[in-house]
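One structure is given here, and the rest of the page talks about it.
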Ligand SMILES: CC(C)(COP(=O)(O)OP(=O)(O)OC[C@H]1O[C@@H](n2cnc3c(N)ncnc32)[C@H](O)[C@@H]1OP(=O)(O)O)[C@@H](O)C(=O)NCCC(=O)NCCS
């Protein structure tokens, strides 16, 4: 069983619609690559293809979660946990399932993993025009640290955000860990 969580304050939902978070599996690769293309990389060449994502998920330093509703994958997050720092590589929620706290939950699990590993900070890049994602990360305490001109495919600018020190609003792992 994955970890079940309550929706945010704004809405309640029938129990059957409750999202759960679990670790990503090999069988999720194609779904996650397609979500990346549709929700993150739209308008850019598809860089997180199934082949690349599979290779990345196989790295010991990669940590990935998926969110499911009624057995359907509706979001995911992928982070690289290095020796000293964490880098959030991908995070997306299917647009039909946004504004329910799922993105925040996927981020919180990554923050908890990085915090548990004793890492100093977590950074990420987001498209400069992606205001929603920037507000989302700012709401979690991330700060804009610099602009990166033509970061994506030499054509589109990025903004780098960082949270330092890493802190998760989750207080404990006891009886609360996602399972595979
Ligand atoms: C960014 C994204 C992951 C947010 O997912 P989500 O599940 O809708 O976010 P949540 O419901 O958990 O929102 C958490 C907080 O983020 C902020 N936020 C989220 N969407 C927002 C919006 N459209 N406008 C302003 N603030 C927003 C709010 O502060 C929100 O807290 P609140 O609900 O208490 O107001 C989602 O919009 C997405 O997948 N976007 C496309 C992919 C992407 O941009 N990924 C990030 C770059 S890799």
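Within the listed set 108, 156, 125, the Gaussian network model of the chain (springs between alpha-carbon atoms below 10 Å) gives the highest mean-square fluctuation for 156.
For the residues 67, 138, 92, a GNM of the chain with alpha-carbon springs under 10 Å puts the largest fluctuation on 138. Which log10 I(q)/I(0) values, to two decimals, does the chain give at q = 0.09, 0.14 Å⁻¹ under the Debye formula with one point per Cα? Log10 of I(q)/I(0), two decimals: -0.29, -0.75. Modelled this way, with points 7 Å down the Cα-to-C-beta line, the labels at residue 23 and residue 99 are 3.5 nm from one another.
Only the coordinates and a few stated rules stand behind these numbers; no lab work does. All of these numbers come straight from a predicted model, not from anything done at the bench. Ideal geometry is used to build each Cβ from the backbone, glycine not excepted, and the neighbour counts take in all protein chains shown.
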